[in-house]
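First up is the structure itself, then whatever we jot down about it.
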Amino acid sequence: MSKRILVTGGLGFIGSHTVVALQEKGFEVVIIDNLSNSSLEVLGGITRITRISPEFENIDLREKAAVKAFFEKYNDIEGVIHFAASKAVGESVENPLLYYENNLNTLIYLLQQLKEKEAPKFIFSSSCTVYGQADELPITESAQVKKAESPYGNTKQIGEEIISDTCKVTPNLKAISLRYFNPIGAHPSAEIGELPIGTPQNLVPYITQTAIGMREKLSVFGDDYPTPDGTCIRDYIHVMDLARAHVVALERLLDDEQQENYEVFNLGTGKGNSVLEAIQAFEKVSGTKLPYQIVGRREGDITAAYADTTRANDVLKWKAEYSIEDAMESAWKWQQRLKEKEEV
Ligand code: WQD
């Protein structure tokens, strides 16, 4: 009998790739998504890849009663992977209450339901943003969690504390927070990928939309940072590697391999690339010349962040396998597929 897993935000970028990885590992998946930052089209993409249509519930996790009713209907949920959250740094500065309500109330309502279960397993989608500009690179999980630079980052820090405090008084609850570095790329089938709504805030979708002709040119936010080529350094991790890490972490919880009932892991490649290096990687795999201009720094950007992946490698027995070129190639193939769909 396959275990049933709830994936909140399962129609989102990382969520949808994780649903595919879970189904391919034999898990039965139920998705909760309120479609506020995703599209029902993604359900078709997942099904075309795995030939298994996940169950889908259009629920807003801010509705406490709806969350309770969900767990009454699906009373055999063995694990929850919680992606559903707002994630735009800039928007969180303009509208903090939206972020505190949507990213924290939802987490609390889920945990309140899980506390009632016999052996609940919980995986939290966190972010390297909790470190801010780390004092040392590469960044380990014991690096200081600094005062967040944005309400978004603060919701990830507070979210981790809520889970940690709950685990301390709920021995049957086992949880893992996964701190992602910079997720990029798409499923190699080009059936699912990143679907930014409006102007992309993140680098790679802006690159691919520029290359496909949707944007005139990429603005590189500053080349006067203390880095070799002056542009910021990030750890760009393929979303397929990230999805696989969620399955490995879930199996660790389900197989009761975890001694502590709360653990944290950094998920990155361990390699840093500058913005200019990311552009060069894209140009190499796409065979296109990307038009870009250097402009001023973006408020809130840190100079450099890349992961020390020792704990994930040794404890999760997981290591990123794709390169930045692989990720750029899949992102480009996905952007071209999106264009084909528009032209139908
Ligand atoms: C990467 C680099 C920009 C766009 C954010 C969130 C983080 C996580 C990932 C959710 C930076 C530069 C970007 C552009 C540019 N999200 N850039 N021109 O800011 O590292 O991380 O997304 O969990 O929490 O903070 O990612 O892709 O926005 O930027 O020059 O048009 O690309 O300055 O150096 P970031 P990003």
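Phi-derived couplings, Karplus 6.51 cos²θ - 1.76 cosθ + 1.60 at θ = phi - 60°, listed residue by residue for the stretch 294-299: 7, 10, x, 4, 8, 3 Hz, with x used for Gly and Pro. Note on residue 144 and residue 259: with the Förster distance fixed at 35 Å, the Cβ-Cβ geometry gives a FRET efficiency of about 0.90.
Counting only Cα atoms, the stretch 20-82 measures 34, 26, 17 Å along its principal axes, largest extent leading. For the stretch 34-130, trypsin sites (Lys or Arg not before Pro) meeting the loop criterion (DSSP other than H, G, I, E, B) and having at most 13 other Cβ atoms within 10 Å: 51, 115.
As a test of reading the structure, rank 214, 240, 1, 328 by solvent-accessible area (1.4 Å probe, protein chains only), most first. Don't skip to the answer; put the middle values down first.
Values: 214 95, 240 40, 1 205, 328 0 Å².
Solvent-accessible surface, decreasing: 1, 214, 240, 328.
The 3J(HN,Hα) values that the Karplus relation (6.51, -1.76, 1.60; θ = phi - 60°) gives for the stretch 76-89 are, in residue order, 10, 5, 9, x, 10, 10, 9, 9, 4, 5, 7, 9, 8, 4 Hz. Gly and Pro appear as x.
Summarising the label geometry, the points placed 7 Å from Cα in the beta-carbon direction at residue 310 and residue 248 lie 1.7 nm from one another.
What is the gain in length, in nm to one decimal, between residue 164 and residue 91 on full extension, counting 0.36 nm per residue of separation less the C-alpha to C-alpha distance?
Numbers: separation 73, 0.36 × 73 = 26.28 nm, distance 2.69 nm.
The span from residue 164 to residue 91 would gain 23.6 nm if fully extended.
In order along the stretch 29-41, the Karplus-derived 3J(HN,Hα) couplings, from 6.51 cos²θ - 1.76 cosθ + 1.60 at θ = phi - 60°, round to 10, 10, 9, 10, 8, 9, 6, 6, 9, 7, 10, 4, 3 Hz, and Gly and Pro are given as x.
Semi-axes of the equivalent ellipsoid for the stretch 214-285, computed as √(5λ) from the eigenvalues of its C-alpha gyration tensor and ordered from largest down, come to 35, 15, 10 Å. Only the Cβ atoms of Lys and Arg (+1) and of Asp and Glu (-1) were treated as charged; on that basis the dipole of the chain about its Cα centre amounts to roughly 280 debye. Once backbone amide H atoms are built at 1.01 Å from N, residue 55 has 29, 31 as its partners under 5 Å, excluding neighbours fewer than 5 places away on the same chain.
With all protein chains in place and a 1.4 Å probe, the accessible surface of the stretch 178-249 carries 51 percent carbon and sulfur.
Based on the Cβ-Cβ distance from residue 297 to residue 339, what FRET efficiency comes out when R0 is 56 Å, to the nearest 0.05? Step by step, r from the Cβ atoms, then E = 0.95. Here's how it looks for residue 263: its modeled amide H is under 5 Å from those of 175, 176, 177, which are all 5 or more places away or on a different chain. Taking 14 Å as the cut-off, the amide N atoms of the stretch 303-344 that come nearer than this to a point 7 Å along the Cα-to-beta-carbon line of residue 214 belong to 331-343. Over the C-alpha trace of the stretch 120-202, radius of gyration and Dmax come out as 15.5, 44 angstrom.
Going by the alpha-carbon gyration tensor, a ≥ b ≥ c the square roots of its eigenvalues, is the stretch 275-344 rounded (a/c under 1.5) or, if a/c is not under 1.5, prolate (a/b greater than b/c) versus oblate?
oblate
The slack in the chain from residue 201 to residue 288, taken as 0.36 nm per residue of separation less the alpha-carbon distance, amounts to 29.1 nm. In plain terms, if you count all Cα to Cα distances in the chain and split them into 10 Å steps from zero, the share in each step is 5, 26, 36, 24, 7, 1 percent. Which percentage, to the nearest 5, of the DSSP beta bridges contained in the chain is antiparallel? Rounded to the nearest five, the antiparallel share is 5 percent. Amide H to amide H, with H built 1.01 Å from N, residue 127 comes under 5 Å of 180, counting only residues 5 or more places away or on other chains.
When the chain is fully extended, how far beyond the present Cα-Cα distance does residue 321 get from residue 117, taking 0.36 nm per residue of separation? Write out the running numbers ahead of the final one.
Working: separation 204, 0.36 × 204 = 73.44 nm, distance 3.56 nm.
Contour length minus Cα-Cα distance gives 69.9 nm.
A Cβ-based charge dipole, computed about the Cα centre of the stretch 206-250 with Lys and Arg at +1 and Asp and Glu at -1, lands at about 240 debye. Each other residue within a Cβ distance under 12 Å of residue 291 adds +1 if Lys or Arg and -1 if Asp or Glu, for a net charge of +1. The local environment of residue 168, defined by Cβ-Cβ distances under 14 Å, has a net charge of -3 under the rule Lys, Arg +1 and Asp, Glu -1. Ligands, DNA and RNA are left out, and with a 1.4 angstrom probe the accessible area of the chain is 44 Å² per residue.
Farthest towards the positive end of the charge dipole of the chain, among the residues 126, 222, 310, is the Cα of 126, using unit charges on the Cβ of Lys, Arg, Asp and Glu. Net charge of the neighbourhood of residue 143, taken over other residues with C-beta under 11 Å away and scored Lys/Arg +1, Asp/Glu -1, is -2.
Using Cα pairs under 8 angstrom and six or more residues apart, how large is the relative contact order of the stretch 187-316, in percent? Don't jump to the answer; show the numbers that get you there.
Working: 149 pairs, mean separation 46.6, N = 130.
Taking the mean separation of contacting Cα pairs over the length of the stretch 187-316, I get 36 percent.
Taking only the Cα atoms of the stretch 1-119, the radius of gyration and Dmax are 14.3, 47 Å. Put simply, the C-alpha atoms of the stretch 116-254 give a gyration tensor, and the ellipsoid matching it has half-axes of 32, 21, 13 Å, longest first.
The values are calculated or read from the model by the stated rules, or taken from the named source; none is laboratory data. Note that the structure is predicted; figures quoted are calculated from it, not measured. Positions of Cβ are backbone-derived with ideal geometry, glycine not excepted, and every protein chain shown enters the neighbour counts. Side chains are part of the model used for accessible areas, which takes the heavy atoms of the whole protein and leaves out ligands, DNA and RNA. Shrake-Rupley method; radii C 1.70, N 1.55, O 1.52, S 1.80 Å.
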